[in-house]
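Trainee: Attaching a single structure in structure tokens format; questions to follow.
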Amino acid sequence: MPHYLNRITEDLVKAKLENYWPGFELAAYALYDKKNVYLFNHPKFSNDLQCTYHTLKWDVRFTGDTIILYEEYPTAIVNMDSYEHYEDLYSIVVHELFHGYQYIKDEKRFPDEMMGITYPVSKENVELRNRERTNLYHALLENNVMKKKRYLDAFIALREKRAASIEEYLIYEKLIETIEGPAWYVELRAYSEKSPLDYHSVLKKYAQPLINKFKSTSSIRRSCYSSGLFMCLLLEELSPGWMESFFDREETLYDLLKQHTGDCIEDSIADVKVSTETEEAVNFALEKRKNEFEEFYQQAGIHLYIEGEITAESFDPMNIISLEDRLLHKSFLKVRISNQDFLFQQPVIAHVGNGIKYINKLHLILGNSPIENSDSLTIDGVGEIKGKYKKQENIRHLLID
């Protein structure tokens, strides 16, 4: 993958980014693998004109595909090992760079991630939500003006009906759409530019999370990316130039789209009858959560329980599964224990009390036994955690100081 580094430099120029979104500024970005980090366009190194990128040794700050503050500057980071084809890598870099651009533009419409993790899976809401998403899909693809309007009006009416019962969670959906929809919009445009697929095939690929009822019910947060994307595409059609003032507004994408419809009365929707498919989608989503936890528990290795006052510092909200008072962090979790930070780059279950950040117990399954010291355990790849511990067969309990 490192052979793509020079190509990335040539492709990520301001003129090209502005074709994806007006005014799109290039933030710093870094591509990394297990050993190295290749850092581009960072002001710390801007005086060295001989290098298009700077090679650094990988460290724990470079985890996942996201935005971090590296040396006090927003930096998009992407794991090169996760992508086989250039169009996939390139479009994800553009996606994360857009999040850097949002930071530069002082975007404030961010959601409370706790709402997504505690999102209730009720059958009536899922039924209405999936109908809503189907209408949004058809509203974009429909060429007949009158039919397009009917699909869009139905989408608005269904969403307004949902708002009556889950208003705070619907606010969460609208904010995710507003943050991630535009990032998916520029990603789609970048992918379409580099992919051998025609535009219709690319759109079909990006539409799958919108219309697949099982996926959209199982992953609420990620499903909002596609609904946000389709709102962006509809706004492009209904209100050319809408992006110019987007960062000067407080409205969500949904609020902007709603301005292009008539009065949609949610009471006009008949009593909701839950379909068999919705029943199956809800059961699938709930069973999937239980199975994720069961698969975790069935792993071979040393079960380590860390108990005490623990604070979550950072995590990947796209890869968290909730079940009762437990959160399964599937990709990584960075925590603070006794004023020291520790990064777990593996699945870990956090037992939480008052909110997602406040943890009273961590459960890990280790491939190698931790090193036992007199007053601590040293965990391979994590570090030394102080506390009293006890040992029983393949179980370790660490009570932190």
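Trainee: Return the residues of the range 239-260 that are in contact (Cβ under 8 Å) with a residue 40 or more places away in the chain, aromatic (Phe, Trp, Tyr) and more than 15 Å from Asp106 (Cα to Cα); say none if nothing qualifies.
Mentor: Once the filter is applied, which keeps residues that are in contact (Cβ under 8 Å) with a residue 40 or more places away in the chain, aromatic (Phe, Trp, Tyr) and more than 15 Å from Asp106 (Cα to Cα), the range 239-260 yields only Tyr254.
Trainee: I would also like to ask the following. I'd like the full set of residues that are open to solvent by 30 Å² or more (accessible area, probe 1.4 Å) and within 19 Å of the chain's Cα centre (by Cα), limited to the range 210-248.
Mentor: Ile211, Asn212, Lys213, Phe214, Lys215, Ser218, Ser219, Arg221, Arg222 - these are the residues of the range 210-248 that are open to solvent by 30 Å² or more (accessible area, probe 1.4 Å) and within 19 Å of the chain's Cα centre (by Cα).
Trainee: Please verify whether Lys390 is part of a strand (DSSP E or B), without any contact (Cβ under 8 Å) to a residue 12 or more places away in the chain and more than 30 Å from Met115 (Cα to Cα), treating the condition exactly as stated.
Mentor: Yes; evaluated as a whole, the condition is true for this residue.
Trainee: So, one more: Taking Phe342 as the residue in question, decide whether it is in contact with a Gly (Cβ under 9 Å, 6 or more places away or on another chain), open to solvent by less than 20 Å² (accessible area, probe 1.4 Å) and not β-branched (Val, Ile, Thr).
Mentor: Taking the combined requirement at face value, the residue satisfies it.
Trainee: Does the range 352-370 include one or more residues that are within 19 Å of the chain's Cα centre (by Cα) and open to solvent by less than 70 Å² (accessible area, probe 1.4 Å)?
Mentor: Yes, the conditions are met somewhere in the range 352-370.
Trainee: May I pose another question? Does the range 189-208 contain any residue that is crowded, with 24+ Cβ neighbours inside 10 Å and part of a helix (DSSP H, G or I)?
Mentor: Within the range 189-208, one or more residues are crowded, with 24+ Cβ neighbours inside 10 Å and part of a helix (DSSP H, G or I).
Trainee: Here's another thing I want to ask about it. Which one of Asp81, Asp59 is of a type outside the set (A, V, I, L, M, F, W, C), in a loop (DSSP other than H, G, I, E, B) and either open to solvent by less than 30 Å² (accessible area, probe 1.4 Å) or closer than 25 Å to Gln345 by Cα (or both)?
Mentor: On the way: Asp81 fails: in a loop (DSSP other than H, G, I, E, B).
The unique qualifying residue is Asp59.
Trainee: Going by what's in this entry, would Leu152 be described as closer than 23 Å to Tyr206 by Cα, assigned to a helix (DSSP H, G or I) and under 24 Å from the mean Cα position of the chain (by Cα)? It would help to see each step written out before you state the result.
Mentor: Numbers: closer than 23 Å to Tyr206 by Cα: yes; assigned to a helix (DSSP H, G or I): yes; under 24 Å from the mean Cα position of the chain (by Cα): no.
No.
Trainee: Condition check: within 13 Å of Ser216 (Cβ to Cβ), of a type in the set (D, E, K, R), part of a helix (DSSP H, G or I) and within 25 Å of the chain's Cα centre (by Cα). Does Arg131 satisfy that?
Mentor: yes
Trainee: Give the residue, chosen from Met115, Met146, that is aliphatic (A, V, I, L, M) and buried (at least 16 other Cβ atoms within 10 Å of the Cβ).
Mentor: After ruling out the rest, the residue left standing is Met115.
Trainee: Right, here's the next one. Would you mind finding the one in Val202, Val186 that is over 18 Å from the mean Cα position of the chain (by Cα) and of a type in the set (Val, Ile, Thr)?
Mentor: Val202
Trainee: Given the options Glu167, Glu160, name the one that is open to solvent by 30 Å² or more (accessible area, probe 1.4 Å), more than 24 Å from Pro74 (Cα to Cα) and more than 23 Å from the chain's Cα centre (by Cα). Lay out the reasoning, then the answer.
Mentor: Details: Glu167 fails: more than 23 Å from the chain's Cα centre (by Cα).
The match here is Glu160.
Trainee: Inspect all residues belonging to the range 302-322 and state whether any of them is open to solvent by 40 Å² or more (accessible area, probe 1.4 Å), at pLDDT below 95 and among the hydrophobic types (A, V, I, L, M, F, W, C).
Mentor: yes
The values are calculated or read from the model by the stated rules, or taken from the named source; none is laboratory data. Values in this document were obtained by computation on a predicted structure and should not be read as measured data. Don't worry about glycine lacking a Cβ; one is built from the backbone with ideal geometry, like all the others, and counts go over all protein chains shown. Heads up: the accessible areas ignore ligands, DNA and RNA and are worked out on the full protein's heavy atoms, side chains in. Shrake-Rupley method; radii C 1.70, N 1.55, O 1.52, S 1.80 Å.
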